[in-house]
Amino acid sequence: MSEQEYKIKLLTSNQYSEFYFYASIDELVEYLNETLAITPEQFLECCTMGQSRQFFEWIKAKSNQRIQNEQKETNEEPTEGKEQE
């Protein structure tokens, strides 16, 4: 995976407080392609706290899925070449 530049800073909140998170333009474009039919510029101009929270949750879900896939690949051992007793 190539290194991404995190240039977008968005404000969202959880049950405890407001906080900023950072995203790359590539992540935003992928999110918008899956969810909304608008450009990144349009999203950033009128993004509400709720919309930024949805984007944040989408990023977390993608990250968790990637981690699970990597763990699956790591846990799968090749069966070829093993001697059977």
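Every number in this text was worked out from the coordinates using simple rules, so none of it is lab data. From a predicted model like this one, the values you see are computed outputs, not experimental measurements. Counting neighbours? That spans all protein chains shown, and the Cβs are built from the backbone with ideal geometry, glycine included.
Explain nothing, just compute: Karplus ³J(HN,Hα) = 6.51 cos²θ - 1.76 cosθ + 1.60, θ = phi - 60°, for every residue of the range 14-29 in order, whole Hz, x for Gly and Pro.
10, 5, 9, 5, 8, 8, 9, 9, 10, 9, 8, 5, 5, 5, 5, 4
Where the only charges are on Cβ atoms (+1 Lys, Arg; -1 Asp, Glu), what is the dipole of the range 9-65 about its Cα centre, to the nearest 20 debye?
Approximately 200 debye in magnitude.
Based on the mean of other Cβ atoms within 10 Å per residue, sort peptides 68-75, 18-25, 49-56 so the most packed one is first.
Highest-to-lowest ranking by the protection proxy: 49-56, 18-25, 68-75.
Once phi is turned into θ = phi - 60°, what whole-Hz ³J(HN,Hα) does the Karplus curve with 6.51, -1.76 and 1.60 give for every residue of the range 55-71, x standing for Gly and Pro?
Coupling constants for the range 55-71: 5, 4, 5, 4, 4, 4, 5, 4, 5, 4, 5, 5, 5, 4, 5, 5, 5 Hz.
Around Gln51, what is the net charge, scoring Lys/Arg as +1 and Asp/Glu as -1 over all other residues with Cβ under 12 Å from its Cβ?
-1
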